[in-house]
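Take a look at the structure below.
The values are calculated or read from the model by the stated rules, or taken from the named source; none is laboratory data. Small disclaimer: the values here were computed from a predicted structure and weren't measured. Note: ideal-geometry Cβ built from the backbone for every residue, glycine included; neighbour counts use all protein chains shown. SASA here: full protein model, heavy atoms, side chains in, ligands and nucleic acids out. Shrake-Rupley method; radii C 1.70, N 1.55, O 1.52, S 1.80 Å.
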Amino acid sequence: MNIYDMTLHQLWKMLHEGDITVQEIYGSFAGRIEEVESKVGAFVNLTPDIAELQVHKAADRWSEGRGVTPLTGLPLAIKDNMSLVGVPNTCSSKMLENYIPPYNATVVEKLAEDGALFIGKTNLDEFAMGSSTETSAFKLTRNPWNLGHVPGGSSGGSAAAVAAGESPAALGSDTGGSIRQPASFCGVVGMKPTYGRVSRYGLVAFAGSLDQIGPITRDVYDCAIMMNALSGHDACDSTSADIPVPDHTTGLGQDIRGLRIGLPGELFNEGIDASIREAIYTAVDLLTGMGAECVEISMPHLEYSMPVYYILATAEAGSNMARYDGVQYGYRASGAKDILDMYIRTRSEGLGTEVKRRIVLGTYVLSSGYYDAFYLKAQKVRTLIKADFDRAFTRVDLLVSPVTPTTAFKAGKRADDPLQMYLSDICTIPANLAGLPAMSVPCGFDNGLPMGMQIIGKPFDETTMLRVAYAYEQSTDWHKRRAVLAG
Amino acid sequence: MKYEVVIGMEIHAQLLTKSKLFCGCSTEFGAEPNSQCCPICLGFPGSLPVMNRKAVDHIITTALALNCTVARESIFARKNYFYPDLPKAYQISQDDQPLGERGYLDIMDGSRRIKIRRIHLEEDAGKLVHIEGEPFSLVDYNRGGASLMEIVTEPDIRSAEEAAAYITELRSILRYIGVCDGNMEEGSLRCEPNISLRLHGAKEFGVKAELKNINSIRAVQRGVAYEIERQSQILDEGGTVIQETRRWDEASGTTISMRSKEEAHDYRYFSEADLVRVVVDDAWLNRMAAALPELPQARRERFIAAYGLPAYDAGVLTESKEIGDFFDKVAAISHDYKVVSNWIMGELMRLLNETGQSLEQSHMTPEVLAEIIALVDKGTINLKSAKEVFEESFHTGKTPSKIVADRGMAQISDEAALSGIIEGVIAANSKVAEDFRAGKEAALGFLVGQVMKETRGQANPAMVNKLLREKL
């Protein structure tokens, strides 16, 4: 087995047993990046200078046996919308191409303290707005399982990097499915934690009431390790939850007998590919065989998730994007005749079509005369959707559904059809609206492209999700397959 | 005048917090431009606000002082607009559920009640610096993100005098409770009256103009008075007032149009997801209520009732909390309250004015003033010397008795010592002494003057009088 094909916990075990060095691990991934990055296009910027410094420090920690954590000496990729001091935080936008943050995101700070190696910053849809990574201002990222297809988005670079062996794990951010959908498309594990579980400080906001940082990994165990590293209260993020963090690995390996799993009919409708529905039902049979009780349930307000999401997320996005005005940092258009002209030119030239589309939508739904009909109404429906989940969780412990209606689509196929593009998040959006933890676990292949099963949990109950995901994963071998990088 | 004046007032007060509203940056005035900023108050991508608890304390205190209902749950909102001094292109403010609502403030000796509509917390913007002749402007973000309180009245104010009285009383309260330094020149207290006129008895409000750039209480009065005059002239001539924002121009004593309603923003207020709601529980509210000091109006009434001071004195002594506290402390030792009041309103305020010092910066203490009053009372020094002693104590902190001893200021009240001097004076002025004996009463004054001259003003005048008469 190639070093770059291994998981975090496999690599850690080898380090622990002295079978490998931190230098060898980094060397293997750096070599793999050199070999395949031109095909995959997962990274916006590689950060060898930072990684090499970290390699030395991590190697010292291992050799001195001091302060070794489950991530010491292990490479990670960071989505390019999280602040890492000294490295451009582009958000895959021309607007921030040359913006270098002066501070670290809290998650970056935590992972650095743990001794992880930051190998680079990954491509995304511009400002995380998109579902295919095609709205990046810089490059296309390819799906490692079929290079003619998209990796999903917006954390497409992170998912592709993990699937292609360029990094054993990566950070993504998820506002409406941006971790789970690309994880599903790329055949890897992705988790959006409960809103408030992981600090958002340093994550460039798309929609603050929905955004959450989470891990993309090769298997469930790694997901738990990453959750341990990322979780916890942060005084810099008022919305981060000040509650104890469990050890996410403790439930792994425990049986799932008696757990009640709900299947919301609304997420299995005719818009979902039959092959995907079948794959999920097969997975559900497997879980039932292991002693879980699976029941079909109804959550009537889920059908409004899409419009509610595109009103609330764009309202927040329009406001969040307003700071990119060319005054302080980032792109500034030249030749402006006055301040208004500077704003208009800067934003016209610096932002892409999809971002502009959402700014216009968001501005519209908050405008005087439209606020009540759109924004306020959407807030109310959001409350109803949450209530649907609350009710469901009085009957079941977890929910299971598809992650996406289709497998990864061909590059360019939906780029000019925003509605089709938006529909690829139809199953993932509800968990964001309700602030719930949700993850994608590989559950099969269709025409050589991966499929994912979504597990949605109760607030702050990531451990039960991980326990079920692990039980499922251990009885399948989807997670052991590696992408072929052909197309 | 045939019109009724209708004025509502919006106040922005910079709160006395050490750090800004959402980050740890200092709020000190006058620092090097852009030296007091960080990724949070500069709105860098990915940064998040964290609420300054002290700022919320200040709003609750103000709400209580202005008889408002304090919201037990309060939320924050974004006010969206583009301006280079606003780094995030939205201001975090409050729209629905402000921290304080429905209060009032009594002015003009309690004869007028101005209702307070709301009090809310928000962040301040930076400052643009325009350089004459340059094609660019500079931005200083030091003030950006500082905590700002907005107080909005109902349209209850009816004249320029009431507008000025409202600001005066409000400023005094804000200083008493220690939430704002009230400095209008530096802009830590800004007021924006909106003014309209209507015929007496009319139900509908007239069209209003909002005034900006008011940097003193005098400017409030002058600006509002000008605006009333301007609008009544327009109406008298059958014209219509247009809704606009006007700038008070101190130099010309007029208001100048800045922008009309057509250019007004749609701020697209919506809830700020990066902050959690502020929940004020009983314990918090009670703690703030218990810490509330006596307010100016209550103190004025007490000074009149308990000390028998004239209303004028009570007003002057309670204008600042510092002076009122000082009076209370002196009055606890010296019980001739009017005398205490005279000293404070006279010598103390004169010296504070001249030196520009605060009472705290000076060396004057209640004990020192009480001692000086006692020295005069006992006849140890006369009033003229007492003023010199006061001034020296004020500057140096030396105790009055030490100053009196060092400078040999004690009055000569020793009969034996004075007798010799008086006999000498009578001998040297025998002609005048004769005049007195002949019944010319005025001659005595001359002789007293001579004795005082001999003693360099330190003789006890009453005793000199008595001894002179005896010896003549």
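Considering only helices (runs of 4 or more DSSP H) fully contained in region B:341-450, which possess at least 3 residues that are small (Gly, Ala, Ser) and not assigned by TED's automatic domain parsing to the domain that holds B:LEU467?
B:383-396
Find the strands (runs of 3 or more DSSP E) located wholly in region A:136-235 whose residues include 2 or more that are farther than 21 Å from A:VAL400 by Cα and more than 14 Å from chain B (Cβ to nearest Cβ), and list them.
A:169-174
Would you mind stating whether B:SER147 is touching a Pro at 6+ places or on another chain (Cβ under 8 Å) and in contact (Cβ under 8 Å) with a residue 40 or more places away in the chain?
Criteria not met by B:SER147.
Can you tell me which of B:LYS440, B:LYS384 is open to solvent by 30 Å² or more (accessible area, probe 1.4 Å) and under 47 Å from the mean Cα position of the chain (by Cα)?
B:LYS384
What pairs come up if the first residue lies in region A:93-113 and is more than 10 Å from every other protein chain (Cβ to nearest Cβ) and closer than 17 Å to A:ASP125 by Cα, the second is assigned to a helix (DSSP H, G or I) and open to solvent by 40 Å² or more (accessible area, probe 1.4 Å), and their beta carbons are under 8 Å apart, counting only those six or more places apart or on different chains?
Partner pairs satisfying both residue conditions: A:LYS94/A:GLU349.
Looking at B:THR255, B:THR240, B:THR168, can you tell me which residue is touching a residue at least 24 places away in the same chain (Cβ under 8 Å), of a type outside the set (A, V, I, L, M) and in contact with an Asp or Glu (Cβ under 8 Å, 6 or more places away or on another chain)?
B:THR255
Please indicate, with yes or no, whether at least one residue in region B:250-257 is assigned by TED's automatic domain parsing to the domain that holds B:ASN194 and within 30 Å of B:ILE59 (Cβ to Cβ).
no
If I filter region A:344-353 down to residues being surrounded by fewer than 21 Cβ atoms within 10 Å (Cβ to Cβ) and of a type outside the set (A, V, I, L, M), which single residue comes out as farthest from the other protein chains (Cβ to nearest Cβ)?
A:THR353
Restrict the check to region B:418-425 and report whether at least one residue is open to solvent by 40 Å² or more (accessible area, probe 1.4 Å) and of a type in the set (S, T, N, Q).
no
Would you check if B:PHE82 is part of a loop (DSSP other than H, G, I, E, B), at pLDDT below 95 and either over 18 Å from B:ARG287 (Cβ atoms) or polar (S, T, N, Q) (or both)?
In short, yes.
Determine whether B:CYS68 is away from chain A (no Cβ under 14 Å) and crowded, with 21+ Cβ neighbours inside 10 Å.
Judged against the criteria, B:CYS68 is a match.
On the phi > 0 side of the Ramachandran plot and surrounded by fewer than 21 Cβ atoms within 10 Å (Cβ to Cβ): which single residue out of B:GLY46, B:GLY30 fits that description?
Within the list B:GLY46, B:GLY30, the selection yields B:GLY30.
Check B:ILE157, B:ILE114 and return the single one that is more than 20 Å from the chain's Cα centre (by Cα), closer than 22 Å to B:GLY315 by Cβ and modelled with pLDDT of 95 or more.
B:ILE157
Is one or more of the residues making up region A:236-253 of a type in the set (A, V, I, L, M, F, W, C) and within 11 Å of chain B (Cβ to nearest Cβ)?
Yes - at least one qualifying residue is present in region A:236-253.
Taking the conditions exactly as written (more than 14 Å from every other protein chain (Cβ to nearest Cβ) and modelled with pLDDT under 90), does B:SER260 satisfy them or not?
For B:SER260, the condition - more than 14 Å from every other protein chain (Cβ to nearest Cβ) and modelled with pLDDT under 90 - is met.
Against the condition assigned to a helix (DSSP H, G or I), touching a residue at least 12 places away in the same chain (Cβ under 8 Å), more than 14 Å from chain A (Cβ to nearest Cβ) and surrounded by 19 or more Cβ atoms within 10 Å (Cβ to Cβ), how does B:LEU285 come out, does it pass?
no
Got at least one residue in region A:304-314 being under 17 Å from B:PHE44 (Cα atoms) and within 25 Å of the chain's Cα centre (by Cα)?
Among the residues of region A:304-314, not one is under 17 Å from B:PHE44 (Cα atoms) and within 25 Å of the chain's Cα centre (by Cα), which makes the answer no.
Under 7 Å between Cβ atoms, at least 6 apart or on separate chains: pull out the pairs that start in region B:66-89 with a residue that is in contact (Cβ under 8 Å) with a residue 60 or more places away in the chain and at negative phi and end on any residue that is open to solvent by less than 40 Å² (accessible area, probe 1.4 Å) and acidic (Asp, Glu).
B:PHE76/B:GLU272; B:ALA77/B:GLU272; B:ARG78/B:GLU272
Of all the residues that make up region B:233-255, how many are open to solvent by less than 30 Å² (accessible area, probe 1.4 Å) and either closer than 20 Å to B:GLU185 by Cα or at pLDDT 95 or above (or both)?
Qualifying residue count, region B:233-255: 4.
Checking the structure you have, find out if any residue of region A:316-329 is surrounded by fewer than 20 Cβ atoms within 10 Å (Cβ to Cβ) and either of a type in the set (D, E, K, R) or farther than 23 Å from A:LEU366 by Cα (or both).
For region A:316-329, residues surrounded by fewer than 20 Cβ atoms within 10 Å (Cβ to Cβ) and either of a type in the set (D, E, K, R) or farther than 23 Å from A:LEU366 by Cα (or both): present.
Considering only region A:359-373, state which residues are touching a residue at least 12 places away in the same chain (Cβ under 8 Å), within 11 Å of chain B (Cβ to nearest Cβ) and either open to solvent by less than 20 Å² (accessible area, probe 1.4 Å) or farther than 12 Å from B:ASN80 by Cβ (or both).
Selection gives A:GLY362, A:VAL365, A:LEU366.
Run A:GLY65 past the list (1) at pLDDT 95 or above; (2) on the phi > 0 side of the Ramachandran plot and report the number of the one that doesn't hold.
Evaluating A:GLY65 over (1) at pLDDT 95 or above; (2) on the phi > 0 side of the Ramachandran plot leaves (1) as the failure.
Out of A:ALA313, A:ALA292, which single residue is open to solvent by less than 60 Å² (accessible area, probe 1.4 Å), over 21 Å from A:ARG395 (Cβ atoms) and in contact with a Gly (Cβ under 8 Å, 6 or more places away or on another chain)?
Sole residue among the options that is open to solvent by less than 60 Å² (accessible area, probe 1.4 Å), over 21 Å from A:ARG395 (Cβ atoms) and in contact with a Gly (Cβ under 8 Å, 6 or more places away or on another chain): A:ALA313.
Within region A:377-399, is there a residue that is of a type in the set (Gly, Ala, Ser) and closer than 23 Å to A:VAL162 by Cβ?
no
Output the residues belonging to region B:118-137 that are surrounded by fewer than 19 Cβ atoms within 10 Å (Cβ to Cβ) and either within 25 Å of the chain's Cα centre (by Cα) or not hydrophobic (A, V, I, L, M, F, W, C) (or both).
Correct list: B:LYS127, B:HIS130, B:GLU132, B:GLY133, B:GLU134, B:PRO135, B:SER137.
Any residue in region B:122-139 that is more than 14 Å from chain A (Cβ to nearest Cβ), modelled with pLDDT of 95 or more and in contact with an Asp or Glu (Cβ under 8 Å, 6 or more places away or on another chain)?
Scanning region B:122-139, I find at least one residue that is more than 14 Å from chain A (Cβ to nearest Cβ), modelled with pLDDT of 95 or more and in contact with an Asp or Glu (Cβ under 8 Å, 6 or more places away or on another chain), so the answer is yes.
So, in region B:10-21, of the ones that are under 23 Å from A:GLY202 (Cβ atoms) and buried (at least 24 other Cβ atoms within 10 Å of the Cβ), which residue ends up nearest to the other protein chains (Cβ to nearest Cβ)?
B:LEU21
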